[in-house]
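Rule-based calculations on the coordinates, nothing more; no lab input. The model shown is predicted, which means the values in this text are computed figures rather than measured ones. Note: ideal-geometry Cβ built from the backbone for every residue, glycine included; neighbour counts use all protein chains shown.
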Amino acid sequence: MTIRVNDVEVEPPGDARVSLLDFLREELHLTGTKVGCNQGACGACTVLVDGERVLSCLTLAVQTDGRRVTTIEGLGSSEDPHPLQAAFVEHDGLQCGYCTPGQICAAVAMLREIAEGMPSYVTADLATTPVMTDEEVRERMSGNLCRCGAHNGIIDAILAVARERVA
Ligand code: FES
Ligand code: FES
């Protein structure tokens with residue numbers, strides 16, 4: 001079996017104890033994924049596995065065997081940024097940038113979760129598709145912390161992309 005990381009097939013680590021975070025950073029040198037708390041509390045290490053957001057510090061690399069892993073490097077580039085990457089720049093959704101890869105990976109999955117009708121703690125009506133509001137986005141992104149205080153810009157950037165998709 002192999003892991004498909006950013007559309008490249010790679011061998012899983014031989015040591016089953018290696019976290020996905022360490023595998024990405026130390027073995028594949030994909031250092032866009034950041035180490036924050038290393039214990040599931042900050043969201044800095046968020047990546048996508050088969051399109052769903054996961055905390056790579058709490059995931060063993062071997063658990064992604066046969067699956068598709070996408071990191072910030074796989075979403076876009078300076079020359080061809082993902083719409084969320086461009087929006088974060090436009091809306092000042094970052095200061096030091098340390099939390100940004102995790103924020104953007106989480107936001108990619110979060111937008112899909114809303115589009116698929118997954119409710120959150122603050123969704124008022126569970127019988128209808130959740131409405132994209134500031135409150136919904138803040139609740140759904142609450143697992144991704146920003147120590148710089150760029151939260152307002154982050155929410156503005158995500159809402160801007162969400163509105164473009166609806167329009
Ligand atoms: Fe994984 Fe903080 S480094 S949640
Ligand atoms: Fe610095 Fe978020 S931009 S931690």
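Amide H of Gln95: which non-local residues (sequence gap of 5 or more, or other chain) have their own amide H closer than 5 Å, using H built in the peptide plane?
Amide H neighbours of Gln95, under 5 Å, 5+ apart: none.
Contour minus end-to-end for Gln63 and Ala115, with contour as 0.36 nm per residue of separation and end-to-end as the Cα-Cα distance?
Numbers: separation 52, 0.36 × 52 = 18.72 nm, distance 2.68 nm.
Length gained, Gln63 through Ala115: 16.0 nm.
Below 8 Å between Cα atoms, with a sequence gap of 6+, how large is the relative contact order for the chain in percent? Show your work: numbers first, answer last.
On the way: 284 pairs, mean separation 38.6, N = 167.
About 23 percent, as a whole number.
Only Cα pairs within less than 10 Å get springs; with that Gaussian network setup on the chain, which residue of Ala16, Ala157, Ala106 has the largest fluctuation?
Ala16
Only helices at least 18 Å long along their axis, Cα-based, and averaging 0.0 or more on Kyte-Doolittle count here, so list those DSSP H runs from the chain. Could the numbers behind the result be given before it?
On the way: long enough: 100-115 (22 Å, 0.90); 151-166 (23 Å, 0.50).
Long hydrophobic helices here: 100-115, 151-166.
Want the number for Glu79 to Ala124: 0.36 nm per residue separation, take away the alpha-carbon distance, what's left? It would help to have the intermediate numbers written out before the result.
Numbers: separation 45, 0.36 × 45 = 16.20 nm, distance 4.01 nm.
Length gained between Glu79 and Ala124: 12.2 nm.
Report the one residue of Asn6, Cys99, Ala86 whose Cα lies farthest in the direction of the positive end of the charge dipole of segment 1-121 (charges on C-beta: Lys and Arg +1, Asp and Glu -1; origin at the Cα centre).
So the residue we want is Cys99.
For segment 64-123, state which chymotrypsin sites (Phe, Trp or Tyr not before Pro) are in a DSSP loop and have at most 12 other beta carbons lying within 10 Å of their beta carbon.
Values: sites: Phe88, Tyr98, Tyr121; in loops: Tyr98, Tyr121.
Passing both the DSSP loop test and the Cβ count: Tyr121.
Tell me, what ³J(HN,Hα) does each residue in segment 131-143 have, in order and in whole Hz, if you take phi through Karplus 6.51 cos²θ - 1.76 cosθ + 1.60 with θ = phi - 60° and put x for Gly and Pro?
Per residue, the Karplus-derived 3J(HN,Hα) values read 8, 6, 10, 3, 5, 4, 5, 4, 5, 6, 9, 5, x Hz.
Considering only Ile104, Ile154, Ile114, give the residue with the highest GNM mean-square fluctuation for the chain, with springs between Cα atoms whenever their separation is below 10 Å.
Ile114
Before anything else, pin down the relative contact order of segment 1-52: Cα pairs under 8 Å, at least 6 apart, normalised by residue count, whole percent. It would help to have the intermediate numbers written out before the result.
Values: 33 pairs, mean separation 9.5, N = 52.
Result for segment 1-52 is 18 percent.
Quick one: which residues, 5 or more positions from Val47 or on another chain, have an amide H under 5 Å from its amide H? H modelled 1.01 Å from N in the peptide plane, none for Pro or chain starts.
For Val47, whose amide H was placed from the backbone, the distant partners under 5 Å are Val54, Ser56.
Taking amide H positions as placed in the peptide plane 1.01 Å from N, state which residues far from Val5 in sequence (5 or more) or on other chains have amide H under 5 Å from it.
The list, which skips near neighbours in sequence, is Val10, Val69.
Any idea what the dipole of segment 1-144 comes to, in debye rounded to 20, about its Cα centre with Lys/Arg Cβ at +1 and Asp/Glu Cβ at -1?
Using Cβ point charges on Lys, Arg, Asp and Glu, segment 1-144 gives about 300 debye.
Suppose we look only past 28 Å in the calculated P(r) of the chain. What percent of the Cα-Cα pairs does that tail hold?
Values: 2969 of 13861 pairs.
Of the Cα pairs, 21 percent sit more than 28 Å apart.
Enumerate by residue number the trypsin sites (Lys or Arg not before Pro) in segment 90-167 meeting two conditions: DSSP loop (anything except H, G, I, E, B), and at most 16 other Cβ atoms within 10 Å of the site's Cβ. Present the calculation step by step, with values, prior to reporting the outcome.
Details: sites: Arg112, Arg138, Arg140, Arg147, Arg163, Arg165; in loops: Arg147.
Here the sparse-neighbourhood loop sites are Arg147.
Report the net charge of residues surrounding Ala124, where surrounding means a beta-carbon distance below 13 angstrom and charges are Lys +1, Arg +1, Asp -1, Glu -1. Write down the numbers at each step before the final one.
Values: positive: none; negative: Asp125, Glu135, Glu136, Glu139.
The answer is -4.
Put +1 on the Cβ of each Lys and Arg and -1 on the Cβ of each Asp and Glu in segment 42-165; which of Thr123, Ser56, Ala162 then has its Cα farthest toward the positive end of the dipole?
Toward the positive end, the furthest listed residue is Ser56.
What GluC sites (Glu not before Pro) does segment 1-79 have in DSSP loop regions with at most 10 other beta carbons within 10 Å? It would help to have the intermediate numbers written out before the result.
Numbers: sites: Glu9, Glu26, Glu27, Glu52, Glu73, Glu79; in loops: Glu79.
Answer by residue number: Glu79.
Count the net charge of all other residues whose Cβ sits under 14 Å from the Cβ of Gln103, scoring Lys and Arg as +1 and Asp and Glu as -1. List each step's numbers first, then the result.
Working: positive: Lys34, Arg53, Arg138, Arg140, Arg147; negative: Asp92, Asp156.
Every neighbour counted, the sum reads +3.
If Lys and Arg each add +1 and Asp and Glu each add -1, what is the summed charge of the other residues whose beta carbon sits under 13 Å from the beta carbon of Val137?
Details: positive: Arg138, Arg140, Arg163; negative: Glu113, Asp134, Glu135, Glu136, Glu139, Asp156.
Counting the neighbours of Val137, the net charge comes to -3.
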